[in-house]
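The values are calculated or read from the model by the stated rules, or taken from the named source; none is laboratory data. The structure presented is a predicted model; accordingly, all values stated were derived computationally and were not measured. Counting neighbours? That spans all protein chains shown, and the Cβs are built from the backbone with ideal geometry, glycine included.
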Amino acid sequence: MELSRSEQKRRIKQLEKLVVELVKLPASLLDELPAVEDVRELAKEVQGLKGGARKRQIKYITKLLRQESVESLYDFLAKRKGNVLLHNKQFHEIEYLRNTLVEEAIVERRRAREIHQDLEEDWQSTVVQDIVSELPSIDRQALTRLAFLFAMTRSKKHSREIFRLLQAAREQEELNRKMRSSR
């Protein structure tokens, strides 16, 4: 699934918020940071900076982290300061998936109407395939059906139900990941 430029910018801002919270940690905790040595050293340097220099350094660290998996950093920060940042990130990811799916369903319904057909309840969705690859525990059929219902009625209750379904699958995947790591 290709991200729009706006979504890319939102995700970079979210990563920047993570970096801001990380550089607020004491230097002793920054030594334990699960990141490459360069990032740890740069984070320590930021603590002595103010104003524009601080902002530039934070943006630079953010740029370095864009190429890496940051889940371990979110977990590290969650253990030290709570889960708010991680929950916000996950909320926005689920919201993005829901919006992308709903948009695809609306476009597919429009295409079907142009050729004087009805959109089928079990229509083929590329977004659902992407979601299933990311969240294998999700009910593909329910997700497709809810997107179909939203495209037909534009009822917000179907949109909210898609969100709940995605959120439950995300929580299940998180639980499975924790169970695997505790072994």
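In table form, for the structure just shown:
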| quantity | calculated |
| --- | --- |
| Top-ranked residue in segment 46-74 [being among the aliphatic types (A, V, I, L, M) and outside any helix (DSSP H, G or I); ranked as surrounded by the fewest Cβ atoms within 10 Å (Cβ to Cβ)] | Leu49 |
| Matching residues, segment 141-162, being surrounded by 15 or more Cβ atoms within 10 Å (Cβ to Cβ) and not aromatic (Phe, Trp, Tyr) | Leu143, Thr144, Arg145, Leu146, Ala147, Leu149, Ala151, Met152, His158, Ser159, Glu161, Ile162 |
| Residue match in segment 69-88 (condition: closer than 30 Å to Gln172 by Cα and modelled with pLDDT of 90 or more) | no |
| Tabulated pairs, segment 111-129, first under 15 Å from Met152 (Cα atoms), second surrounded by fewer than 12 Cβ atoms within 10 Å (Cβ to Cβ) and at pLDDT below 90, C-beta under 8 angstrom, 6+ apart or interchain | Ala112/Asp118 |
| Close pairs (9 angstrom Cβ cut-off, 6 or more residues apart or separate chains): closer than 14 Å to His87 by Cα and modelled with pLDDT under 80 in segment 168-183, of a type outside the set (Phe, Trp, Tyr) and not in a helix (DSSP H, G or I) anywhere | none |
| Residue check, Glu121 more than 14 Å from the chain's Cα centre (by Cα), outside any helix (DSSP H, G or I) and either surrounded by fewer than 13 Cβ atoms within 10 Å (Cβ to Cβ) or not assigned by TED's automatic domain parsing to the domain that holds Val39 (or both) | yes |
| Unique match (being in contact with a helix residue (DSSP H, G or I) (Cβ under 8 Å, 6 or more places away or on another chain) and farther than 21 Å from Asp31 by Cα) among Thr126, Thr62 | Thr126 |
| Candidates Ala43, Ala35 - the one that is among the small types (Gly, Ala, Ser), assigned to a helix (DSSP H, G or I) and either in the same structural domain as Leu165 (by TED's automatic domain parsing) or buried (at least 17 other Cβ atoms within 10 Å of the Cβ) (or both) | Ala43 |
